[in-house]
Amino acid sequence: MQTLGPPADGKTEVISETNPLYPNLEMTTITVYGIPNCDTIRKTLDWYKKKNIRVDFYDYKKYGINKEKLVQWCKNVGWEILLNKKSTTWRSLPLEEQQLVINEKMAIQLMMEYPSIIKRPVIEMNNKLMVGFNEKYFTKQ
């Protein structure tokens with residue numbers, strides 16, 4: 001696993017490799033976004049490791065997440081899926097601040113300010129975006 005930092009152009013640059021057990025992942029870059037001390041992130045990274053699938057990890061708590069990336073993710077899955085309202089971070093926000101999050105723009109502002117409020121993991125693979133850990137769905141990819 002390679003840990004990624006924020007490249008100068010805001011895009012993640014990684015090297016892909018082939019896994020003979022999963023030929024459909026050939027020449028695929030898998031990037032897992034999250035925070036390293038999250039149990040779901042650990043479970044996700046362990047799952048890939050057990051399958052001998054190389055992934056790159058981007059720690060958005062350490063490096064932050066840019067607006068362009070969040071806009072792209074929201075376009076793909078919707079801000080309501082990305083914003084984790086079950087998180088400790090969300091629950092610790094004052095009710096007044098929670099009530100301000102009524103659209104994508106406000107959600108993106110909040111996720112940029114508090115990256116740990118983003119549902120984990122966010123996985124980019126084959127121009128697809130997956131949010132959350134689902135072993136059955138992972139196996140199909």
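The values are calculated or read from the model by the stated rules, or taken from the named source; none is laboratory data. It should be emphasised that the depicted structure is a prediction, and the values quoted were computed from it without experimental measurement. Here the Cβ positions follow ideal geometry from the backbone for every residue, glycine too, while neighbour counts run over all protein chains shown.
Screening the candidates Gly132, Gly64, Gly78 for the property of being at positive phi and free of Cβ contacts under 8 Å to residues at least 40 places away in the same chain yields one hit, Gly78. Picking from residues in region 54-88 that are buried (at least 19 other Cβ atoms within 10 Å of the Cβ) and β-branched (Val, Ile, Thr), the one that is nearest to Lys119 (Cα to Cα) is Ile65.
Regarding Arg42, is this residue at pLDDT 95 or above, closer than 21 Å to Lys136 by Cβ and out of contact with any helix residue (DSSP H, G or I) (no Cβ under 6 Å at 6 or more places or on another chain)? Criteria met by Arg42. Within region 90-141, restricting attention to residues that are aromatic (Phe, Trp, Tyr) and more than 13 Å from the chain's Cα centre (by Cα), the residue that is modelled with the lowest pLDDT is Phe138.
For region 11-35, a residue qualifies if it is within 23 Å of Ile108 (Cβ to Cβ), at pLDDT 90 or above and not polar (S, T, N, Q), and the qualifying residues are Val32, Tyr33, Gly34, Ile35. How about region 104-141: which of its residues are more than 11 Å from Leu83 (Cα to Cα) and part of a loop (DSSP other than H, G, I, E, B)? Passing the criteria: Pro121, Asn126, Asn127, Gly132, Phe133, Asn134, Gln141.
When region 78-94 is filtered for residues that are farther than 20 Å from Asn37 by Cβ and of a type outside the set (A, V, I, L, M, F, W, C), the ones remaining, listed by number, are Gly78, Glu80, Lys85, Pro94.
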